[in-house]
Amino acid sequence: MRLIKSVAEMQKWAVKNGRDCGIVPTLGSLHEGHASLIKKARSENGLVVVSVFVNPLQFKRDKFLAYPRNLREDMALAKKAGADVLFAPSADDMYKNDFESQIVLPKMFKTLAHQGLEWHYRGVLAVVMKLFQIILPARAYFGLKDPHQLALIERMVADLNVPVKIRRCETIREKSGLARSSRNALLTAEERKAATVIYKSLELAKARLRKNGHGNLRGVMSEMKKLIHAEKTARVEHIEIVDPASFLPFDKKSKEALVFTAVNVGGKRLTDNLRFTLPVSPRN
Ligand code: AMP
């Protein structure tokens, strides 16, 4: 596996090899979730590029500085999962010449605006678009673990005719149900145990929605909150139940539900979600 740190060198490689490659964009601190994306890319492409880049445009400064960085371990994991190139540019090299251009978020993602997260996702879209232009891949792999990010990228690619196929990848979990995340490394043993309540709350919502249909979303959310708050280190930051086709609130016309939650566990923001269909019933 080759390590490329300069944007110019990556572009040189891409002119020759880009159209035969799949990319897996990451923030690094790689784990089994990332490995599953890399393996999927490996099975569908002649060449696989994994990017490791902590993107300053999508973090507040303190979180940017605190984000875990382990390039050596990332290289070992990426290589083992089947990557041909690991692209790890510096922030200065990525954002030269007073970088300013922005991609505006589609209106459909109102819930992100309500949470004050528009700036974060604009940063995500900017870096993903730059990676597409630098590496020129045929396919790109993203996790359903980050459903808003995935939907925004799919929308950007469709709206702007970006010639990259977006491949969705399932969320990889620990046996306890806790979704694998780079942030899990920051949890104490006790917090890790408490964090398993997140997936349990999603399962609870799924069971309730499947039983009761589209009614009483508030009741479902408040039950989730109660369950999560039974863990003293866990505090709900956000819960939403939307139709994943539109990201509008889940209603009678929705065939699928996406329950998303962001939970603060001991100061670490963990997110997870569950997407499922509802059985058609006379109640719906
Ligand atoms: P990140 O480094 O957290 O930005 O993640 C890079 C990519 O890996 C994103 O497309 C994520 O959605 C995906 N990802 C992160 N965690 C998981 C997981 N537990 N299972 C599957 N994909 C994941």
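The values are calculated or read from the model by the stated rules, or taken from the named source; none is laboratory data. Since we're looking at a predicted model, the values are computed, not measured. Backbone-built Cβ (ideal geometry, glycine too); neighbour counts: all protein chains shown. Only protein heavy atoms, including side chains, enter the accessible area calculation; ligands, DNA and RNA are left aside. Shrake-Rupley method; radii C 1.70, N 1.55, O 1.52, S 1.80 Å.
Observations, loosely collected:
- Subset of the range 101-145 (residues that are among the charged types (D, E, K, R), over 24 Å from CYS21 (Cα atoms) and within 16 Å of the ligand (Cβ to nearest atom)): ARG122
- PHE276 being modelled with pLDDT under 90 and closer than 19 Å to GLY143 by Cβ: no
- Flag for VAL15 being among the hydrophobic types (A, V, I, L, M, F, W, C) and either outside the structural domain of LEU136 (by TED's automatic domain parsing) or surrounded by 20 or more Cβ atoms within 10 Å (Cβ to Cβ) (or both): no
- Residue count, the range 170-189 (criterion: touching a residue at least 24 places away in the same chain (Cβ under 8 Å) and either open to solvent by 20 Å² or more (accessible area, probe 1.4 Å) or touching a strand residue (DSSP E or B) at 6+ places or on another chain (Cβ under 7 Å) (or both)): 12
- Residues considered: ARG235, ARG167. Of these, the only one that is open to solvent by 60 Å² or more (accessible area, probe 1.4 Å), in a strand (DSSP E or B) and within 13 Å of the ligand (Cβ to nearest atom) is ARG167.
- Filtered by the rule that a residue be in a helix (DSSP H, G or I), open to solvent by 30 Å² or more (accessible area, probe 1.4 Å) and free of Cβ contacts under 8 Å to residues at least 24 places away in the same chain, the range 206-220 gives ALA207, ARG208, LYS211, ARG218.
- Contacts under 9 angstrom Cβ, first residue in the range 136-153 being acidic (Asp, Glu), partner not in a helix (DSSP H, G or I), 6 or more apart: ASP146/THR271; ASP146/ASN273
- Residue satisfying condition, being crowded, with 19+ Cβ neighbours inside 10 Å and not assigned by TED's automatic domain parsing to the domain that holds LEU30, within set TYR199, TYR141, TYR121: TYR199
- The range 21-100 holds helices (runs of 4 or more DSSP H) entirely within its bounds, and those carrying 1 or more residues that are open to solvent by less than 10 Å² (accessible area, probe 1.4 Å) and away from the ligand (no atom under 13 Å from the Cβ) map to 91-94.
- Residues that are open to solvent by 50 Å² or more (accessible area, probe 1.4 Å), within 10 Å of the ligand (Cβ to nearest atom) and in a helix (DSSP H, G or I) within the range 146-164 are absent altogether.
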